[in-house]
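Asker: Quick one: this structure, given as C-alpha cells, is what I'll be asking you about.
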Amino acid sequence: MDKSKRSFLKSKRSFRRRLPPIQSGDRIDYRNMSLISRFISEQGKILSRRVNKLTLKQQRLITISIKQARILSLLPFLNNEKQFERTDESTARTTGLRTRNKK
C-alpha cells in the first residue's frame with residue numbers, strides 16, 4: 001500500500017470501554033449514602049452529568065435522592081468547613097462592636 005493511500009484511511013483506535021459508575025444492582029435511593037456521596041463535590045455541589053458519566057435518567061434519580069437526603073438532613077446543603085472558621089472570627093468582631101455600642 002502506498003503512503004498516499006494510507007493517509008486517507010482512518011486510523012482504527014482501540015478504546016477501552018469504561019465501566020458505568022452505577023451498576024445494575026445498585027439502587028438509587030436517598031438512604032444509599034455510599035452511592036450518593038460519589039456524585040457530590042467537596043463543596044457539597046451535585047456534579048454534572050458529563051462529569052458523572054451517567055445517563056439522563058440516572059442523573060435525575062441521583063439529583064432527586066441527593067435533594068431528599070439534604071431535606072432529611074442526611075447530607076449537608078453546603079460543605080464548607082473553611083467558612084465556619086471565618087464566621088468564628090467575624091462573630092468575635094461583631095460581638096466586639098456590640099459591646100462598644102452599648103457603652
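Asker: Taking the condition of being within 8 Å of the chain's Cα centre (by Cα), open to solvent by less than 80 Å² (accessible area, probe 1.4 Å) and within 14 Å of L75 (Cβ to Cβ), how many residues in the range 27-61 meet it?
Answerer: The total comes to 7.
Asker: Of all residues in the range 38-51, which are touching a residue at least 24 places away in the same chain (Cβ under 8 Å) and closer than 15 Å to S65 by Cα?
Answerer: The answer is F39, I40, G44.
The values are calculated or read from the model by the stated rules, or taken from the named source; none is laboratory data. This one's a predicted model, so the numbers in the text were calculated from it and none came from an experiment. All Cβ positions, even for glycine, are placed from backbone atoms using ideal geometry, and neighbour counts span all protein chains on display. All accessible areas refer to the heavy atoms of the entire protein, side chains included, with ligands and DNA or RNA removed. Shrake-Rupley method; radii C 1.70, N 1.55, O 1.52, S 1.80 Å.
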